[in-house]
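Beneath this line is the structure, given in structure tokens, with notes to follow.
Read the figures in this text as sums done on the coordinates, not as results from a lab. From a predicted model like this one, the values you see are computed outputs, not experimental measurements. Backbone-built Cβ (ideal geometry, glycine too); neighbour counts: all protein chains shown.
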Amino acid sequence: MTERLSSGHPRLDDLLGGGLPANSINMVIGLPGTGKTILAQQYVFANASQERPALYLATVSEPFDKILRYGQTLRFFDPEAVGHSVFYEDLGTLLNERGLAGVLEQVSELIKQRRPGLIVIDSFKALSAYAEGAEFREFLHDFAGRLSAVATSSLWIGEYGEDEIGPAPEFAVADAIISLSTARAAERETRMLRILKLRGSAFAPGRHAYRLSADGIDVFPRLADTLDITSYPLDGSRSSSGIAALDEMLADGYWPGSSTLCAGPSGCGKTLMALHFIFNGVRQGEPGVLATLQEHPTQLARIVQGFGWSTDEKGVELMYRSPVDLYIDEWVYELLEAVERTGARRVVIDSLTDLRLAAPDEVRFREYMYSLVQRFSRQRVSLFMTSELADLFEVRRLSEFGISHLSDNVVLLQYIREQASVRRALTVLKTRASRHEPEIREFRITPEGIVLGDPFVAEAADQNEPRGH
Amino acid sequence: MAGDLAVYSMGAVERMLGIPAATVRNWEERYGLVKPGRSQGGHRLYTRAEVEQLRFVKERLDQGLQPAEAHRLLGEQLERGGNFRAPEEGQPGPRLLILLAERDPYAAEFAEFFLRTEGYEVVVALDADDAARKLEQRLPQLAVVELLISGGTGAELCRRLKEAGVTACLAISTLGARDQALAAGADAFLEKPLDPLQLVSTVKDLLGESAFLQGATSR
């Protein structure tokens, strides 16, 4: 297997099939402010050792002192390594006095003296201003030849846009190209990392969200799992919905690892149904994660308390995030981490409507939900999702996100108009690989939670009349 | 000469030769042959030549002689004007020669530099014909041969060099052609690009120690 150069960030390395190939020429491109220098420094400190030091060569667009000054604000920056395993050199003066020939000579000398395992050129694009056409190509050939002649990896940093990849000859030389950019949707901006080229290795395609902090770049790989057709164990056990009468309608509950969509208009009882699901799981010894974008923890604690439960109960992990400025990429990894950490067997997402707003586009939202449903299913983690319907009385459309197709079970909650009052009704629309009672049943919200009543009779249903009334 | 200007403390001599300080002092008193100068504080200071005289004694002891006999031989050597001066560092007499047959001038430049800093003499040949000419001029102890040199005739060059009497052949290639290289008589194989430390340590493995140390122990 090809030796790899780690970024020090496991998720970024995973995107690159294990890391950048060692002893290769790699380009990190992006407009100013996208974090190129931070990423380069991350590679430097993750790989530098006294035997294989890292060389950071500043040219003319990144002032040498600034690289060091801001570098020190990064948590992984180790001042004690500077001068021992990390060497910063300023090529700016040399470049201005002797041009590219001076750079070639100096880099050769530094390779001989320092024997580096990693060389960063920041900025490489600045070098192109010192020669044109054939002269720059000649320099490029010479430079790449020197770097390829010894076991060293290099990162060429440049303020290139993705549209420059075709015409600029340096991209043909590069073994890997990582692009950093910003995607804008309405007032939201999301940083996006994309691998445009990786010689001799598979990589994760598409745009992957990332954040910049003092810890460096934190990447959230796009969740786009491909179909996994390998089998996984199933047994005949069932997961109770937490509502006895509903379990009866579902032939004794849901399959473990199944996904359930609960759709209904505002205030109809979706969150309460989700709470039944979570707290019943806790009673059965199945820990759960309640991922809510709806109620603030204080509000939720009060609601939960009203039904005799507590959000402080052992086995319940509350993951509240405000839908404002939420990014689905990051949120999904937090959820996956919470499930792994707590050993959760049940997960509630309340609600998909809020989560959809956190996705830059519908395709990405569907990709994420498809992948989540698949992952949880294989882990036998039962998923319960709520979705808000705009129609209060006459439901015309169930789910605008296509999630009902993905879900194993679909439960519809709706209001039924009755003269001057409104009643609530529940219908199990779908249970995959299981029978269910296709009835419309009235339900009430009591201090014990949801209590199902009688089915509406056929004739009466037309008139919104339950049987026996 | 730089080597004669240097002086070494008793502790340094002890570390360099592995002879206890008390033994060295005892030899000085008993045989009076190696008599170092003294610092202002009265500490013994050995010249490089004196270190080499003690090394001469140590080597005789290692061969099974008694200290008295070893010192008698040392005395004879000194009477004959035996030269115990250490050669200048970096020039250990006729240095071990490495023939570097490498088609890539950049790779050749770096490999030559790394080997020279270890004290080896290096001649570079950028194609197989050039390597043959260099071979006629002086027989190298070791050859580093890029297998893709001159249209991929590196393995054949390896075989010819070994037949001509080159002690060891280190084959190098970007291709994982290890088996092919060893079948052609190469003694070791390294994949390119070369890591300087790995190159030097492999050469040392094949020749035994660095050129500096070889020069010192062979005297």
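Brief remarks on what is shown
- Per-pair calculated FRET efficiency, R0 = 35 Å: A:SER49 and A:GLU189 via Cβ, rounded to 0.05: 0.40
- Nearby aspartates and glutamates by direct alpha-carbon distance to B:LYS204 (threshold 20 angstrom, same-chain neighbours under 8 apart not counted): A:GLU51, B:GLU89, B:GLU102, B:GLU109, B:GLU112, B:GLU118, B:GLU121, B:GLU146, B:ASP187, B:GLU191, B:ASP195
- For A:ILE119, net neighbour charge (Lys/Arg +1, Asp/Glu -1) across residues whose Cβ lies under 12 Å away: +2
- Two-site FRET efficiency, A:ARG435 against A:GLU162, from Cβ-Cβ distance with R₀ of 41 Å, rounded to 0.05: 0.20
- Gain on full stretching of the segment that runs from A:ARG69 to A:ARG199 - 0.36 nm per residue minus C-alpha separation: 43.4 nm
- Put a dot 7 Å past the Cα of A:ASP235, heading toward its Cβ, do the same for A:THR182, and the two dots end up 5.3 nm apart.
- Across region B:97-218, Cα pairs under 8 Å and at least six residues apart give a relative contact order of 24 percent.
- Coordinate range of the alpha-carbon atoms in region B:2-79 per principal axis, descending: 35, 25, 20 Å.
- Between A:ALA301 and B:ARG15, the simple spin-label model (points 7 angstrom out along Cα→Cβ) gives 6.5 nm.
- Shown here is the pair-distance distribution of the protein assembly as shown: with all Cα-Cα distances grouped in 10 Å bins from zero up to the longest one, the shares run 3, 12, 16, 14, 14, 12, 10, 8, 6, 4, 2, 1, 0, 0 percent.
- Over 27 Å between alpha carbons, listed pairs A:LYS36/A:LYS197; A:LYS112/B:LYS192; A:LYS112/B:LYS162; A:LYS112/A:LYS197; A:LYS112/B:LYS58: A:LYS112/B:LYS162; A:LYS112/A:LYS197; A:LYS112/B:LYS58
- Spin-label model distance (nm) - B:THR167 vs A:SER266, 7 Å beyond Cα toward Cβ: 8.9
- Summary value for region A:31-172: 31 percent relative contact order, contacts being C-alpha pairs under 8 angstrom separated by 6+ residues.
- Antiparallel bridge percentage (DSSP; both residues within chain B; nearest 5): 20
- Highest to lowest packing among A:66-78, A:82-94, scored as the average C-beta count within 10 Å: A:82-94, A:66-78
- Chain B - Debye-derived log10 I(q)/I(0), Cα point model, q = 0.10 Å⁻¹: -0.58
- The local environment of B:ARG138, defined by Cβ-Cβ distances under 12 Å, has a net charge of +1 under the rule Lys, Arg +1 and Asp, Glu -1.
- Of all DSSP bridge pairs formed entirely within the protein assembly as shown, close to 40 percent run antiparallel.
- Relative contact order (%) - criterion: Cα under 8 Å, at least six apart; region: chain A: 14
- Shielding by partners, peptide A:108-120 (average Cβ within 10 angstrom, other chains): 2
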